[in-house]
1. Rounded to the nearest Å, what's the spacing between the alpha carbon centres of region 22-73 and region 126-151? Just the number, please.
2. Using θ = phi - 60° and the Karplus curve 6.51 cos²θ - 1.76 cosθ + 1.60, what whole-Hz ³J(HN,Hα) does each residue of region 28-43 get, with Gly and Pro shown as x?
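Each reported figure results from applying straightforward, stated rules to the coordinates on display, with no laboratory input. Model, not experiment: these values are computed from the prediction.
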Amino acid sequence: MKNALIEEQIPRLRRYARALVGDRDRADDLVQDTLERAWGKLHLWRQGSDIRAWMFTIMHNLFINHIRQNPNPHAFVTLDEEALDIPVRATQDEGLEMRDLMSAISRLPGEFKEVVLLVGLEQMRYEEVAQVLGIPIGTVMSRLSRGREKLRVLMAGNAAPTLRRVK
């Protein structure tokens with residue numbers, strides 16, 4: 001039963017990983033590492049708690065550990081069209097808007113990008129995001145607000161305001 005609960009999370013994990021790292025192969029590696037860690041540490045999961053939040057926490061921690069071990073900012077690539085797996089009607093304008101949105105998301109600082117993706121793409125509640133990222137709920141709301149504002153500026157084509165990195 002626990003294995004089935006973990007397997008149910010794979011599509012969500014893949015979607016978030018692709019949006020987070022922007023590369024299919026690296027995203028698949030991150031998902032695989034997350035699944036391996038989850039199955040190996042399944043005895044630590046509390047029955048009845050939110051397994052999705054638990055697994056996203058594992059993925060977040062693995063991602064952060066990877067960034068700390070490989071701090072090369074050029075290691076990240078832009079998002080490709082299938083990274084978000086969002087169905088879009090086949091119109092030129094909408095395709096261009098999607099491309100611009102993915103480009104803007106890829107340009108967000110990591111702390112804003114994570115919150116925007118977890119709330120917007122994964123539709124997590126603020127409490128879940130706070131748990132996954134290990135930050136206070138007020139920080140989630142602040143980062144989401146600032147991330148959305150930066151996205152609006154980027155989408156409008158204006159020079160983006162400088163946002164300081166939050167620890």
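1. 19 Å
2. Once rounded to whole Hz, the list reads 4, 5, 5, 5, 4, 4, 5, 5, 4, 5, 4, 5, x, 10, 4, 5.
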